[in-house]
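The values are calculated or read from the model by the stated rules, or taken from the named source; none is laboratory data. Since we're looking at a predicted model, the values are computed, not measured. Glycine also receives a Cβ, built like all others from the backbone with ideal geometry; neighbour counts cover every protein chain displayed. When the accessible area is computed, the model is the full protein with side chains, heavy atoms only, and any ligands, DNA or RNA have been set aside. Shrake-Rupley method; radii C 1.70, N 1.55, O 1.52, S 1.80 Å.
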Amino acid sequence: MTNCAFRFLVCFSFGTAVCSAQTLSPKWEELTSPDFPKAIKQADGVCLLPMGSIEKFGPSGPLGTNLLVDRIVTMEAVKQEYAVVFPEYIVAGTNDVSNLPGAVAYSAHLQYEMLDETVSEMARNGCRKILIVNGHSGNGGLLSDFLNGQMERPHDYVVYTVYGPEFRVVPGMPDADKMSAAAKESKPGVDGHGGEERIAVLMAYRPELVHLDRAHDESGKAGKRLTLPQGVQVGISRKAELPTGYEGDASGATVTRGKALVEFATTRVVTAIRAIKADDESPRLQKEFFEERQNPIK
């Protein structure tokens, strides 16, 4: 039976409303304007903003590895739990690697302002709960500041964050999230920035972008750490520790591991989306907070 015939039978049996809902794309940019409100309703007002980056990712991976991997996990998640997904977003914290070819670095104030206006625009279009699915560790500080900044002025939407491509077992997670043997590194030390882990994901989903034959063109060994006391931080530490932006060894990346890693991470994002849809307490507490903030003495 062809796809057209099958869809005709579905529409005939269950009605056009059901058929239309089943064919709504989760991608914001692929929806028509008349279909957009339907998508927001189907998503229960939950919208996802995957954040990546454009930076060197070792000799084997493309500059957009973080963006690509984050969106792969996000799009796999919305197959299981529908939500509207914002287009590619690359306004990220990459200033510490901007000395390497191809990196796109935005000023810190623009990173914050772009994220603030993007989230505000998503909310203006009906997104009541916005989940930022972060795919770049360098965005951690920005997102922490951004969540804190959400408490400055009243608004009727709630922002959440989650690290999308979380490929590690985190204590306290449900047993269902335990990592399968197929998802584990081929040997100790091969993962890292530009190493086996995310390259395996691209091998499984975008193999045409991967260059495994170049994995040993550069050393994946970390550089000498700065001789500073524990707890002392400095902006140049990234160059000191990863002078080429490469850590690990991508040569052992496989399709099998890539698919297992995505399955592992997707489960967590799906769990997050479902929990956010069911979350009534955060909106209630946020509303209460802003009422108290207007008159804290009272």
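Below, the figures for the structure above:
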read-out: Selected residue (criterion: most open to solvent (accessible area, probe 1.4 Å)) from residues of the range 251-294 that are under 30 Å from residue 59 (Cβ atoms), basic (Lys, Arg) and at pLDDT 95 or above; value: 259
read-out: Tally, over the range 115-137, of residues that are of a type outside the set (S, T, N, Q) and surrounded by fewer than 18 Cβ atoms within 10 Å (Cβ to Cβ); value: 6
read-out: So residue 112, is it of a type in the set (Phe, Trp, Tyr), part of a helix (DSSP H, G or I) and modelled with pLDDT of 95 or more; value: yes
read-out: Total residues in the range 186-229, condition touching a residue at least 60 places away in the same chain (Cβ under 8 Å), out of contact with any strand residue (DSSP E or B) (no Cβ under 7 Å at 6 or more places or on another chain) and within 14 Å of residue 260 (Cβ to Cβ); value: 6
read-out: Residue match in the range 196-208 (condition: more than 26 Å from residue 39 (Cα to Cα), over 20 Å from the mean Cα position of the chain (by Cα) and at pLDDT below 95); value: no
read-out: Qualifying residue in the range 70-85 (condition: acidic (Asp, Glu), assigned to a loop (DSSP other than H, G, I, E, B) and either modelled with pLDDT of 95 or more or more than 25 Å from residue 159 (Cβ to Cβ) (or both)); value: yes
read-out: Residue list for the range 191-239, restricted to those being outside any loop (DSSP other than H, G, I, E, B) and in contact with a Gly (Cβ under 6 Å, 6 or more places away or on another chain); value: 196, 199, 200, 201, 203, 204
read-out: Those residues of the range 126-148 which are over 11 Å from the mean Cα position of the chain (by Cα) and within 21 Å of residue 280 (Cα to Cα), in sequence order; value: 126, 127, 128, 129, 130, 147, 148
read-out: Residue pairs meeting the criteria (Cβ under 6 Å; at least 6 apart or on separate chains; first closer than 17 Å to residue 46 by Cβ, in the range 23-34; second assigned to a loop (DSSP other than H, G, I, E, B) and aromatic (Phe, Trp, Tyr)); value: 28/86
read-out: Pair list, Cβ under 7 Å, 6 or more apart: the range 233-246 residue at pLDDT below 90, other residue part of a helix (DSSP H, G or I) and not hydrophobic (A, V, I, L, M, F, W, C); value: 238/96
read-out: Lone unmet requirement of (1) surrounded by 13 or more Cβ atoms within 10 Å (Cβ to Cβ); (2) touching a Gly at 6+ places or on another chain (Cβ under 8 Å); (3) part of a loop (DSSP other than H, G, I, E, B) for residue 187; value: (1)
read-out: Residues of the range 29-65 that turn out to be under 18 Å from residue 131 (Cβ atoms), in contact with a strand residue (DSSP E or B) (Cβ under 7 Å, 6 or more places away or on another chain) and open to solvent by 10 Å² or more (accessible area, probe 1.4 Å), as a count; value: 1
